[in-house]
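To keep things clear, I will list the structure first and then write my remarks on it.
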There are 2 protein chains.
Amino acid sequence: MKALVYEGVETLTFRDVPDPTPGPDEQLIRISAVGICGSDMHAYLGHDDRRPAPLILGHEAAGVIVGGARDGERVTINPLVTCGSCYACENGRENLCPTRQIISMPPREGAFAQYVAMPPQNLVTVPDHVALKKAALAEPLAVGWHAVKLALEALHPAMDQSALVLGGGAIGLAAALALRAMGVEDITIVEPNDARRAFLNDICLQKAAQSATGQYSIVIDAVGYAATRTTASQLACPGGVMAHIGLGEDMGGLDIRRMTLQEITFIGTYVYTAQDFRNTAQAIFDGSLGDLDWIETRALKDGAAAFAALRSGQIAAPKIILDPWA
Amino acid sequence: MKALVYEGVETLTFRDVPDPTPGPDEQLIRISAVGICGSDMHAYLGHDDRRPAPLILGHEAAGVIVGGARDGERVTINPLVTCGSCYACENGRENLCPTRQIISMPPREGAFAQYVAMPPQNLVTVPDHVALKKAALAEPLAVGWHAVKLALEALHPAMDQSALVLGGGAIGLAAALALRAMGVEDITIVEPNDARRAFLNDICLQKAAQSATGQYSIVIDAVGYAATRTTASQLACPGGVMAHIGLGEDMGGLDIRRMTLQEITFIGTYVYTAQDFRNTAQAIFDGSLGDLDWIETRALKDGAAAFAALRSGQIAAPKIILDPWA
């Protein structure tokens, strides 16, 4: 098959690789659409020790099952492979499974390829009326969904729900869409990039600003740098909740004195539970996350150019979807 | 009356001051016992801008009501004065009241004095079988109680409850006692000071260690320095909860990358709600916080010497109680 292989810092090659060999209980999926994630960019820049070259990146994928009882079924892929039997898996917190794997990280190759092999329980059926390129958004949308769910669970029920989302990339937008789907009406996204901010306002119909003031009961940090954490910890209102998704910088930024004196809760949030993934997919299917017309589609064979364009800040759309067959 | 007045950095003077003048709805209380808090030490060292000299410090007090319908009633004092009508007060989160005041911080003088004036709703009746010097522990014990309550509420119900408490001063010990009172059995206190650690093990019958390894579902940081936050964020287990009480250093220390990847929740926690204070007092009265024989009593007139001894690390007991009449 053809795949886009990460071969070293800022080097991606579209070339022939062996087809994946499904394990005894796995399904082969013909990939129709696969998104580029910020973590793929991080790996491409050589900043992720967990993703050494050579490696096929990509973990936001949808496609069609090939072979077996479900042959021909259109599916979106939960890329998180977990044991199913540990404390975390048995309590619906699969994302905390100590042996969790994700495709695009050894030992599992990713989905910037024509085929991938997955356990069947990771495959969520996509109804015919939903395009697979939109179904491929289930993964990034589930990241935002999970973060928002944790934040709302932690928020005191008597508090007004006003939300600030830092970062208007796919995860920030996903958080904003999840907030609205879960009933929060007052949502502001902070996005400093002019083109992206205009896209959020004009195409995604969000309220996006260059910077923020005021106080918010919910702050979602979808960037994860020291500077965004400083903003988040200063704009969370007393008794409010911050959900922190990003992995930009490892330490620093939080105004811990203020968080202590004002009882602000910080929730580290990583990917999603299996139920969150299914609920997000359902929300895509029933339209409660909007029409999802904020993707730009390119051929996987042109993936290197897409990464370069993203890297240089030329892309206004929050998500690029690659087509392995174009 | 006599009071111990903070007159400048490391300067405390026991001298005559005017008697407090109760406001129209306030009660006068003759103070029988008042504890020295870490925050008093912080102010004494000139490190608290909120407590400028000259000022009467002290906010952990119990005594006897003087005058009015409740004349002669033995009470312990909730030192937090709140408006009663804001969102926070109306929802049982008085500690987040935007106009909250605490005695020992302007505009309210503290309880290192023979008398103090307080609103009657801040006074909790102490039964005859409880010594007022133990009832004065309600305030620091309520700080630990509130932190533990928030941590347990945030903890996933399926998780094993194992707790690490960083710091074996009064607040750390209070957290350990509250954990046990709320049903947590596996509790380790980390206390590097040899004399204090021995006191915790031998007198307080706690499990106190010089340092800790392992993983804990609940970590209480009762110190609040960057170094303790590093320890806390590394020893909290995946999906675990940190409650952060201390105000040692304003920023730094948290391993935010790990907290994000392992979904660790950080809760800033400050003082207590009015209900937590009452519940803590009740737990003192019914014995569920132990016999509280970990106090050392001195005369308020010798307060300056007590602060100096505390400052030089000579005190093993977690709490010094001062008597304004000795």
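The values are calculated or read from the model by the stated rules, or taken from the named source; none is laboratory data. Please read all numbers here as calculations on a predicted model, not as lab measurements. Note: ideal-geometry Cβ built from the backbone for every residue, glycine included; neighbour counts use all protein chains shown. The area values use the complete protein model at the heavy-atom level, side chains included, leaving out ligands, DNA and RNA. Shrake-Rupley method; radii C 1.70, N 1.55, O 1.52, S 1.80 Å.
Tabulated results
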read-out: Residue match in region A:239-256 (condition: away from chain B (no Cβ under 14 Å) and either open to solvent by less than 10 Å² (accessible area, probe 1.4 Å) or in contact with a strand residue (DSSP E or B) (Cβ under 8 Å, 6 or more places away or on another chain) (or both)); value: no
read-out: Answer residue from region B:217-232, given it is away from chain A (no Cβ under 11 Å) and buried (at least 24 other Cβ atoms within 10 Å of the Cβ) and is nearest to the chain's Cα centre (by Cα) among those; value: B:ALA222
read-out: Subset of region A:45-69 [in a loop (DSSP other than H, G, I, E, B), open to solvent by less than 60 Å² (accessible area, probe 1.4 Å) and farther than 18 Å from A:LEU4 by Cα]; value: A:GLY67
read-out: Exclusive hit being modelled with pLDDT of 95 or more and farther than 26 Å from B:GLU296 by Cβ, set B:ASP49, B:ASP25, B:ASP16; value: B:ASP16
read-out: Hits in region B:204-216 (condition: of a type in the set (A, V, I, L, M, F, W, C) and open to solvent by less than 40 Å² (accessible area, probe 1.4 Å)); value: B:CYS204, B:ALA208, B:ALA209, B:ALA212
read-out: Residue among B:VAL81, B:VAL9, B:VAL34 that alone is at pLDDT 95 or above, among the aliphatic types (A, V, I, L, M) and open to solvent by 50 Å² or more (accessible area, probe 1.4 Å); value: B:VAL9
read-out: Single residue of region A:257-279 satisfying the filter (aliphatic (A, V, I, L, M) and surrounded by 21 or more Cβ atoms within 10 Å (Cβ to Cβ)) that is nearest to B:ASP48 (Cα to Cα); value: A:MET259
read-out: In region B:259-273, residue nearest to B:GLU191 (Cα to Cα) [restricted to those that are touching a strand residue (DSSP E or B) at 6+ places or on another chain (Cβ under 8 Å) and more than 7 Å from chain A (Cβ to nearest Cβ)]; value: B:VAL271
read-out: Criterion (in contact with a helix residue (DSSP H, G or I) (Cβ under 6 Å, 6 or more places away or on another chain) and either among the hydroxyl-bearing types (Ser, Thr, Tyr) or not assigned by TED's automatic domain parsing to the domain that holds A:ASP250 (or both)) met by exactly one of A:GLU26, A:GLU60; value: A:GLU60
read-out: Scan of region B:181-204 for residues that are of a type outside the set (Phe, Trp, Tyr) and in contact (Cβ under 8 Å) with a residue 40 or more places away in the chain, ordered by number; value: B:ALA181, B:VAL190, B:ASN193, B:ALA195, B:ARG196, B:ALA198, B:LEU200, B:ILE203, B:CYS204
read-out: Of all residues making up region A:222-260, the number that are more than 17 Å from B:LEU247 (Cα to Cα) and of a type in the set (D, E, K, R); value: 3
read-out: Residue list for region B:84-110, restricted to those being surrounded by 15 or more Cβ atoms within 10 Å (Cβ to Cβ) and in contact with a Ser or Thr (Cβ under 7 Å, 6 or more places away or on another chain); value: B:CYS89, B:ARG93, B:GLU94, B:ASN95, B:CYS97, B:ARG100, B:GLY110
read-out: Among the candidates B:GLN282, B:GLN275, B:GLN206, B:GLN210, residue that is at pLDDT 95 or above and in contact with a helix residue (DSSP H, G or I) (Cβ under 6 Å, 6 or more places away or on another chain); value: B:GLN206
read-out: Filter result (touching a Ser or Thr at 6+ places or on another chain (Cβ under 8 Å) and without any contact (Cβ under 8 Å) to a residue 60 or more places away in the chain) within region A:262-316; value: A:GLU263, A:ILE264, A:PHE266, A:GLY268
read-out: Leading residue by the ranking (modelled with the lowest pLDDT) among those in region A:299-322 that are among the charged types (D, E, K, R) and either outside the structural domain of A:ALA111 (by TED's automatic domain parsing) or surrounded by fewer than 18 Cβ atoms within 10 Å (Cβ to Cβ) (or both); value: A:ARG311
read-out: Residue match in region B:201-216 (condition: within 27 Å of B:ILE36 (Cα to Cα), in a helix (DSSP H, G or I) and out of contact with any Cys (no Cβ under 6 Å at 6 or more places or on another chain)); value: yes
read-out: Residue ranges of strands (runs of 3 or more DSSP E) in region B:95-187 with at least 3 members in the same structural domain as B:LEU200 (by TED's automatic domain parsing) and more than 16 Å from the chain's Cα centre (by Cα); value: B:162-166
read-out: Exclusive hit being open to solvent by less than 50 Å² (accessible area, probe 1.4 Å) and within 14 Å of chain B (Cβ to nearest Cβ), set A:ALA163, A:ALA117, A:ALA158; value: A:ALA158
read-out: Flag for A:ASP40 being assigned to a loop (DSSP other than H, G, I, E, B) and under 14 Å from A:ALA113 (Cβ atoms); value: no
